[in-house]
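The values are calculated or read from the model by the stated rules, or taken from the named source; none is laboratory data. Computed from a predicted structure; not experimentally measured. Using ideal geometry, Cβ is built from the backbone for each residue, glycine included, and neighbour counts are taken over all protein chains shown. Surface accessibility is based on the protein's heavy atoms, side chains included, excluding ligands, DNA and RNA. Shrake-Rupley method; radii C 1.70, N 1.55, O 1.52, S 1.80 Å.
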Amino acid sequence: MSLRRKSLDGFLWAAVEKFGNRFLTVGIFFTLANILDTEAFGLVALVNSFLAFALIFIEQGFTMAIVQRKELDELDLNSAFWGSLVLGIIFCLACFFGAPFIADYYEDQRLIPLLQVMSFSFPIGVFAGVQNALFQRELEFKVLAMRQLVATFIGGAVGIWAALNDYGVWSLIIYFLVTEVIWVALLYIRCEWKPGWGFSWAKYKSLFAFGANVMGSKFLFFSDSYFINLMIGKFLGMEMLGIYSFGEKIFVSLKDLLVNTISRVTLPIFAKLQENKKELSETFSVMVGKVSMLTFPLCAGFAAISEDITFLFFDPQWEPAIPVMIILSIATIFTLIPSYCNDLFLGVGRAFLSFNFNLVNSIVNLGLFFAFVQFGIVGVAVGFLLRMVVFSPIGLYLVSRLIPLNVPKLTSELMKGLLASALVFGVAFGLKYVQTDINYFWMGLKIVAGGGVFIGALAFLQPETFEEVKRIFFEKVLGREKLDKKREINSI
């Protein structure tokens, strides 16, 4: 199978995983948000933020190192596994016994048992780390997609059952832990590779040389949300953190669906093309140009119906999260460029450049947080949006120093995406001023009107992309390709 064909299949299955998993996750989230209160979500958001930072150090960037490396042997994989497992156990013990000190800092003793129970996820997750990297390396996203969907479904079902039986905040903890255990078990069983007893310091150091910069970049990149959550919990309290995490959940879902879905495929592709700068440049430009036209309007459209979604599907306690949802939905548009630039840095082996890019990004993030936190959670969201707007052109400039990038042409394509976004947002949001009430009819009308404008803008501004999307839709979704082959066989 050619790289182009394998890349397309990988993207489609990555999309299946992301869209399917997000559909389930959002459904579970909808249900739990209407059962639990804002403080429960705030407590779990804080716990998850601590755990997310620790997981970055446990994984040590080995996933990216395995994906990027041209040649791998058994000793490389064993060294990565055992090094991660040792750190997983260390962090588990540190989190378990350090929980009282964290609770004292936040003046909330409810955090102690939550942190202690969740600390066991550290060593558990290690058992799927190398397997996950190997499947990504070979663009085998179908395997990842099916198992992630099963794990999410089972974990969500158990979590909802717990919430309905008055387990409170523990429902969210149960949901996360069960999902992870099922995911690890399914992936571990499916992968042919299993850890052996070999370990080499030389191999470990070689992987870590690349992984350390990835780890640093991830630490800085994830600080966008997790560090902000820790600070909101300290300065604004658990209730405000719960409301902000509600709005952020929508942002994360959009980013995961519209940016990270393709990002999972782009990194292996960039790694495979790293020796051919001309083809790499063309691939980067085509991906960013086409994806921006497809994703920007969707983010803008979601921002326009955020109020409708909140009032129609959620408890009134979440109404303060509406402006956060709108701002972060728009911010999703501007996360595309920094994300793909970061993938390219890693794909061509420039992990140190990725680290420096994210370092400056995080410093600005920290400064904007303290400048805007005085305006509450809405101010924090505005600061986040401003930073993403600034770092998009910076990312493109750095990429242009590595490969012969046609910046004016790429900028023109990005402006088409922004124009389509403005049109979609204007039409969908404009209907708000003529609607008589917030109901399903008006929300549906906004979706239909915005969708129509989106399709029209795509066909007019990027006709090649429109034809390609239409072809993929008929072949992959409606199965026309199989139907035509069947008709051809029958005619013979």
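Below is a table of values for the structure above.
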read-out: Among (1) modelled with pLDDT of 90 or more; (2) open to solvent by 50 Å² or more (accessible area, probe 1.4 Å); (3) among the aliphatic types (A, V, I, L, M) - the single one Val86 does not satisfy; value: (1)
read-out: Search result, residues across the range 155-179 that are of a type in the set (Val, Ile, Thr), under 18 Å from Phe120 (Cβ atoms) and touching a residue at least 24 places away in the same chain (Cβ under 8 Å); value: Val169, Ile173, Val178, Thr179
read-out: Residue that is nearest to Leu344 (Cα to Cα), among those in the range 372-384 that are in contact (Cβ under 8 Å) with a residue 40 or more places away in the chain and either surrounded by 20 or more Cβ atoms within 10 Å (Cβ to Cβ) or of a type in the set (Gly, Ala, Ser) (or both); value: Phe384
read-out: Filtered residues of the range 122-133 (kept if polar (S, T, N, Q) and open to solvent by less than 10 Å² (accessible area, probe 1.4 Å)); value: Gln131
read-out: For Leu177: the one exception among (1) out of contact with any Ser or Thr (no Cβ under 7 Å at 6 or more places or on another chain); (2) closer than 21 Å to Ser84 by Cα; value: (1)
read-out: Positions within the range 29-53 being in a helix (DSSP H, G or I), more than 21 Å from Asp108 (Cα to Cα) and open to solvent by 10 Å² or more (accessible area, probe 1.4 Å), in sequence order; value: Phe29, Phe30, Thr31
read-out: Close pairs (8 angstrom Cβ cut-off, 6 or more residues apart or separate chains): under 14 Å from Arg401 (Cα atoms) and open to solvent by less than 10 Å² (accessible area, probe 1.4 Å) in the range 330-356, polar (S, T, N, Q) and not in a helix (DSSP H, G or I) anywhere; value: none
read-out: Any hit, the range 287-304, residues being open to solvent by 10 Å² or more (accessible area, probe 1.4 Å), in contact with an Asp or Glu (Cβ under 9 Å, 6 or more places away or on another chain) and under 30 Å from Glu467 (Cβ atoms); value: yes
read-out: Number of the condition not met by Ser171 [criteria: (1) open to solvent by 50 Å² or more (accessible area, probe 1.4 Å); (2) in contact with a helix residue (DSSP H, G or I) (Cβ under 6 Å, 6 or more places away or on another chain); (3) among the polar types (S, T, N, Q)]; value: (1)
read-out: One residue from Gln136, Gln109, Gln116 being open to solvent by 10 Å² or more (accessible area, probe 1.4 Å), in a helix (DSSP H, G or I) and closer than 25 Å to Ala45 by Cα; value: Gln116
read-out: Unique residue being closer than 28 Å to Leu267 by Cβ, assigned to a helix (DSSP H, G or I) and of a type outside the set (Val, Ile, Thr) when the list is Phe355, Phe375, Phe370, Phe429; value: Phe355
read-out: Some residue of the range 424-431 being farther than 30 Å from Phe311 by Cβ and open to solvent by less than 60 Å² (accessible area, probe 1.4 Å); value: no
read-out: Per-region count, the range 357-371, residues open to solvent by 20 Å² or more (accessible area, probe 1.4 Å) and aromatic (Phe, Trp, Tyr); value: 1
read-out: Unique residue being in contact with a helix residue (DSSP H, G or I) (Cβ under 6 Å, 6 or more places away or on another chain) and among the β-branched types (Val, Ile, Thr) when the list is Val390, Val448, Val407; value: Val407
read-out: Residue in the range 63-75 that is at pLDDT 80 or above, part of a helix (DSSP H, G or I) and not β-branched (Val, Ile, Thr) present; value: yes
read-out: Positions within the range 432-468 being open to solvent by 70 Å² or more (accessible area, probe 1.4 Å) and either among the charged types (D, E, K, R) or not in a helix (DSSP H, G or I) (or both), in sequence order; value: Lys432, Val434, Thr436, Asp437, Glu464, Glu467
read-out: Residue check, Met415 open to solvent by 80 Å² or more (accessible area, probe 1.4 Å) and modelled with pLDDT of 90 or more; value: yes
read-out: Residue tally, condition crowded, with 18+ Cβ neighbours inside 10 Å and closer than 19 Å to Glu248 by Cβ, over the range 387-412; value: 3
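To keep it simple, each residue is scored yes or no on (1) closer than 29 Å to Leu87 by Cβ; (2) modelled with pLDDT of 90 or more; (3) within 20 Å of the chain's Cα centre (by Cα).
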residue: Phe127; (1), (2), (3): yes, no, no
residue: Ala133; (1), (2), (3): yes, no, yes
residue: Gln136; (1), (2), (3): yes, no, yes
residue: Lys142; (1), (2), (3): no, no, yes
residue: Trp161; (1), (2), (3): no, yes, no
